[in-house]
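Here's the structure, in structure tokens; my notes come after.
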Amino acid sequence: MRPFVEECLREWKRLGVADPIANEMAADLEADIAEAEADGGSAEDVLGNEAFDAPAFARSWAESRGVIPERTPAAPGARPSRIRRWYPVAGIAACLLLALFGLLLLVAKPERHVSMTFAAPAGFVVPPRIERLRPGAPEPRFRFAKPEFRKGVFPGGAVIVPPDNPGPHLDVAGALFLVIGLGGAAGFGYVLFRRGRGTPATA
Amino acid sequence: MGSPDGRRTQLLRGALDLCLLAVIEEEPAYGYEMTRRLRERGLSIVGEGSIYPLLGRLERDGYVETYRSASNGGPPRKYYRPSDAGRSALAAGVAEWRSARDALDAVLGRVAVEVAA
């Protein structure tokens with residue numbers, strides 16, 4: 001398939017033209033250009049000056065056939081509606097908030113361990129007994145901080161209780177929010193920049 | 001005052017749909033075949049837009065019917081022929097064109113005579 005036709009096909013798919021229709025149009029175009037070249041001509045004999053702008057040609061044909069909605073041409077000098085003008089600004093604000101939230105998750109990680117100290121007479125051998133931290137809380141898992149605890153020797157020391165909150169997962173989520181937020185803000189900023197220069201940003 | 005090329009484009013744009021209906025009224029044709037027939041009669045689209053968007057609009061509006069058929073040694077092609085509505089539109093359009101042409105000739109034809117003289 002010729003590059004021009006491939007580019008048209010990509011544009012039709014991007015615009016949401018159904019695959020059978022897009023493939024049919026591409027096949028017709030390919031056959032016509034091939035026949036023009038066999039006649040000693042070129043794609044320009046088939047397409048006129050549209051041979052130099054595949055996306056515009058593809059959109060024009062699809063709109064004319066009614067396989068995508070036609071764009072309503074904006075009046076000269078028309079500006080986007082008040083609401084549409086504020087879309088990029090609102091998007092930037094939302095993305096920056098998301099990035100800030102991600103940053104907070106990364107920097108201000110919650111305490112991952114809670115220490116509990118038990119006191120017992122030296123040499124007094126008892127199995128450690130741990131009670132729930134609060135009524136209704138899920139049963140925590142415990143591990144002993146010192147080897148002598150595992151032996152049942154209980155001279156007094158710390159039991160480390162992992163909290164319910166899985167800390168490492170917050171790191172990943174924080175980084176993800178930060179990246180998505182900054183990327184989104186950059187994207188909306190680009191849209192705002194294009195509008196400011198008067199160039200319509202295509203979807 | 002517009003350039004000669006610009007005027008030709010405007011004139012062609014206003015009548016190209018009639019020209020397409022006329023060539024497929026003689027015999028059904030696929031896209032490039034129509035372009036070739038137009039060129040043989042002195043209407044080259046080089047420099048103008050292609051006929052495909054116009055064909056698409058004619059198809060969407062019900063002025064042409066299509067069918068697929070094998071071409072000479074090539075892949076199956078999409079052939080176009082005028083529908084009943086297309087034939088009516090062609091007849092009405094040709095009448096409008098002739099009326100406009102006569103009116104323009106009544107004005108511009110006289111200028112041509114004076115220039116020639």
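Brief remarks follow.
- Residue check, B:GLY86 more than 11 Å from every other protein chain (Cβ to nearest Cβ) and in a loop (DSSP other than H, G, I, E, B): no
- Complete set of residues in segment B:41-79 that are within 13 Å of the chain's Cα centre (by Cα), surrounded by fewer than 17 Cβ atoms within 10 Å (Cβ to Cβ) and either among the hydroxyl-bearing types (Ser, Thr, Tyr) or modelled with pLDDT of 90 or more (or both): B:SER44
- Being away from chain A (no Cβ under 14 Å) and either touching a residue at least 12 places away in the same chain (Cβ under 8 Å) or touching a Ser or Thr at 6+ places or on another chain (Cβ under 6 Å) (or both) is not true of B:PRO53.
- Any pair with Cβ under 8 angstrom, 6 or more apart, that starts in segment A:22-45 at a residue that is facing chain B (nearest Cβ under 7 Å) and ends at one that is part of a helix (DSSP H, G or I) and hydroxyl-bearing (Ser, Thr, Tyr): A:ALA31/B:TYR32; A:ASP32/B:TYR32; A:ASP32/B:THR35; A:GLU35/B:TYR32; A:ALA36/B:TYR32; A:ALA36/B:THR35; A:ASP45/B:THR35
The values are calculated or read from the model by the stated rules, or taken from the named source; none is laboratory data. Only a predicted model underlies this, so the values are computations on that prediction, with no experimental measurement involved. All Cβ positions, even for glycine, are placed from backbone atoms using ideal geometry, and neighbour counts span all protein chains on display.
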